[in-house]
1. Taking LYS83 as the anchor, which aspartates and glutamates have their alpha carbon closer than 20 Å to its alpha carbon, excluding any fewer than eight residues away along the same chain?
2. For the chain, take every pair of Cα atoms, bin their distances at 10 Å starting from 0, and report each bin as a whole percent.
3. Rounding to the nearest 20 debye, state how big the charge dipole of the chain is about its Cα centre with +1 on each Lys and Arg Cβ and -1 on each Asp and Glu Cβ.
4. DSSP loop (so not H, G, I, E, B), at most 14 other Cβ within 10 Å: list which trypsin sites (Lys or Arg not before Pro) in segment 276-354 pass both filters.
5. Taking segment 295-358, which GluC sites (Glu not before Pro) meet the DSSP loop condition and have no more than 13 other C-beta atoms within 10 Å?
6. Calculate log10 I(q)/I(0) of segment 233-382 for q = 0.18, 0.21 Å⁻¹, where I(q) comes from the Debye formula with a single equal point scatterer on each Cα and nothing for solvent.
7. Just report the Cα centroid separation between segment 273-327 and segment 172-213, whole Å.
8. Once the dipole of the chain is set up with Lys and Arg at +1 and Asp and Glu at -1 on Cβ about the Cα centre, which of PRO231, ALA357, ALA374 lies farthest towards its positive end?
Amino acid sequence: MVTTTTADNVLKSYYLGAVSDQLNKAANPLLARIAQTSADVWGKDVRKAVRYGVNGGIGAGTEAGDLPKAGGNRYAQFVSTLKNLYGTIEISDKAIRASASNDGAFVDLLNDEMDGLVKSSSYNFGRMLFGDGTGKLATISEADGSDGTLYTVDTVKNLAEGMLVDVYNGESPAKTGAIVVAIDREGKKVKLDAEISSPAGYTVCVQGSKGQEITGLGAIFGDSPTLYGVPRADWMKPYKKTVETLTETTVQTAIDEVEERSGSKIDFIVCSSGVRRALFDVLSKYRQTESVELDGGFKAITFNGIPVVADRFCPEGTMFLLDTADFALHQLCDWQWLEGEDGKILKQVAGKPVYTATLVKYAELLCYRPCGQAMLTGITEK
């Protein structure tokens, strides 16, 4: 007979490993290329000593002359707080009882819940990889006069129906826990289940996530005065260039620039779908394009042997050229179920005939060599 204890055991012994693998390897092609490690995690922080520049103790001299003076390596201490990443499933008591005498129905119930958890967690984690850590999804430009709950935003790329969001006026919450009811993607409008007065300039964030997300590419390529607590000296500044027409020379120049000045090796290119189409158009005019299969089952075209993938969350008109060896996802542990003092992971919601279980991971993304990365923006999409 199926009980909550049975469900607990199945979630622990069967689903955890499969879900962790899907979230780590099959959720996003960029994430699948990034190493995951528990090294350099100290308490609630990641503390990583990063070497930059070259050792000064080198030189040439005469046969009997003085040896070069020792120069030593140059280090910077990166410090960042581990971010708390969660994913929750919910099962009603009625559903458990209805499948109590039917193992197949119970398995279907759990499979459906876990599939939804993997999809939503993959969506959210993939989005954070391109974010700036603030949790911002969009900025409201105005409320639509025909409907008090319809708002025009600068982008709908990061929004999906069913999301729970908070709306902020600066640092002050104007509305929390609003549901995204519908999205007009062509008109860049979003309908919420809440009416907000004078929302121009307000920002939309994932529920409870403002300022709590991992340090994604938006922050690494951003213009903040510091990154990981270190002032942005030249070696902390990635290559950024605004272009309009994409050409092979433009892409190769960016690769050459960062490799020559930093010693990096660009091994991964990620861009928006429109930029990938533009690159495909350029490459196909002169030669047949090649494709490769990446970890996680993803497929990509190549540029001079470098895989090029399109990501739904990459900003429009943008291409990132990365040395993925310079990145690591530092984590306190891999995905785990949040357990109570009694060791159970399924917990009844107070006052409701519903049980929930929560996956958790404490992690932060570090880029050890920001100057070894490049970004092209303003590209005309196809």
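Any read-out appearing in this document is the output of simple, stated calculations on the displayed coordinates, not a laboratory observation. Owing to the predicted nature of the structure, the values given are computational and were not obtained by experimental measurement. Neighbour counts run over all protein chains shown; Cβ positions are idealised from the backbone, glycine included.
1. List returned: ASP21, ASP40, ASP45, ASP132, ASP166, GLU171, GLU213, ASP326, ASP334, GLU339, GLU364.
2. Taking every Cα pair in the chain, the percentages come to 4, 19, 26, 25, 15, 6, 2, 1, 0.
3. Charge dipole, the chain, about its Cα centre: 400 debye, nearest 20.
4. ARG287, ARG312
5. Answer by residue number: GLU341.
6. Those come out to -1.05, -1.34, one per q.
7. Rounded to whole Å, the Cα centres lie 32 Å apart.
8. Of PRO231, ALA357, ALA374, it is PRO231.
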